[in-house]
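The values are calculated or read from the model by the stated rules, or taken from the named source; none is laboratory data. On a predicted model such as this, the values are computed, not experimentally measured, just so you know. Note that each Cβ is placed from the backbone with ideal geometry, even for glycine, and that neighbours are counted across all protein chains shown. Each accessible area value is taken on the protein alone, full model and side chains, heavy atoms only, with ligands, DNA and RNA left out. Shrake-Rupley method; radii C 1.70, N 1.55, O 1.52, S 1.80 Å.
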Amino acid sequence: MNRAAALPIAEEHEREGVDGYLQLNINGERFMNEDIPGQNIADQLSRVPVGPNPMSGADDLRSWQIFDAKWPTEIAKMPDGHGYVNHFVADDEVDAYATVLSGFGLGYTTKAMVEGTEGLIVADTIEDLAAQCNLPVEAVVASVNRYNELCAAGHDADFGKDPRRLFPVSEPPFYAYPFGSAGMLVLMGGLEVNKKLQPLNAEGAPIEGLYATGNVQGGRYLVEYPVTVAGISLGTALSFGRLAGMNAAGADVEAMSRA
C-alpha cells in the first residue's frame with residue numbers, strides 16, 4: 001500500500017508495500033518468509049523462476065502478493081520500516097489526512113489507493129484469482145490451503161514467519177498484485193578505499209590526491225543494505241565525507257609545508 005520510492009523495487013507497487021502477505025511465484029508456490037524487509041524480499045525475488053510481466057508482457061523475475069478483504073484491519077500489525085504500510089485511513093477520515101495522503105503517503109493507505117492500482121487483480125474465488133494471474137490454478141489453491149492451515153495452527157512450519165503476520169487468505173474478495181524485479185536503494189559496489197578514504201589502484205596502493213565517500217565508496221555494506229537502520233546511507237556519507245575532507249585538508253597542509 002505504498003509507493004515504490006520507499007522500496008527496492010523498480011516499479012510502483014500497489015499500496016500494500018512490502019507488508020508480509022502471502023507471496024507466490026509463477027508456479028503458484030510459496031517460496032519465502034514474507035515477513036522480511038524490502039531489501040531481503042529483493043534478494044528472494046532474484047531467485048524466483050522467470051515469468052511474464054503482466055504489465056509489459058516481457059519475461060522477468062516475478063511473484064504475486066496475495067491478500068484478502070481483511071487487509072484494512074491487518075496492516076496495523078505490520079512492522080515499521082522501508083516500504084511498510086501500517087495505517088489504514090477510512091473513507092470518512094480521508095479529509096483529516098489530506099496532507100499526508102497528498103504527499104508521498106508513506107505508511108498510509110486508503111481503500112481507493114489499493115483498489116485503484118493499475119495491475120491489481122480482484123476475484124471472488126481463489127480459482128478465478130489464479131486464472132486471472134495466469135498461474136496454475138491447482139497449485140495456487142494448494143498453496144493457499146497450506147498457508148491457511150499454517151495460519152490456523154499459529155506456526156509457520158514451512159518458512160518460520162512471525163505468527164503475528166500469519167493472516168489466512170479466506171475472505172473474499174481476494175487480491176493479487178505482481179512484485180517485479182528488484183534494484184537497490186544505494187550503491188553496493190564502488191571504489192575500494194583505505195582508512196584515509198583514498199581509492200586504491202589495481203595494485204592496492206592509494207591514489208594520492210583523490211578521495212571517495214558516499215555512494216562512490218565501496219565496501220560500506222558488503223552483502224546487502226541494512227534497511228532496518230534508518231538513514232544509515234546518509235549517516236555514512238556524512239561521517240566518511242567529513243573524514244575525507246579532513247584527510248584531504250591535512251594532505252594539502254603537509255604538501256604546502258614540504259614546498
Practice task
Using R₀ = 41 Å, calculate the FRET efficiency as 1/(1 + (r/R₀)^6) where r is the Cβ-Cβ separation of residue 210 and residue 157; round to 0.05.
Solution key: 0.15
Exercise for the section: Quick one: accessible surface of residue 211, probe radius 1.4 Å, all protein chains present, in square angstrom to the nearest 10. Expected result: 60 Å²
Handout entry: Stretch gain in nm, segment residue 194-residue 58, where the contour uses 0.36 nm per residue and the Cα spacing is subtracted
Key = 44.7 nm
Practice task
Determine the gain in length on full extension of the stretch residue 43-residue 77; use 0.36 nm per residue of separation and subtract their C-alpha separation, reporting nm with one decimal.
Solution key: 9.9 nm
Exercise for the section: Select from segment 64-132 those trypsin sites (Lys or Arg not before Pro) which occupy a DSSP coil region and have at most 13 other Cβ atoms within 10 Å, ordered by residue number. Expected result: 70
Practice task
Find how much the distance from residue 91 to residue 234 grows on full extension, using 0.36 nm per residue of separation minus their present alpha carbon separation; answer in nm with one decimal.
Solution key: 47.8 nm
Practice task
Roll a 1.4 Å probe over the protein heavy atoms and report the accessible area of residue 88 in Å², nearest 10.
Solution key: 70 Å²
Fill in the blank from the handout: With the 1.4 Å probe rolled over protein heavy atoms, segment 141-183 has an accessible area per residue in Å² of 43 Å²
Handout entry: Overall form of segment 99-163 per C-alpha gyration tensor (a/c, 1.5; a/b vs b/c)
Key = oblate
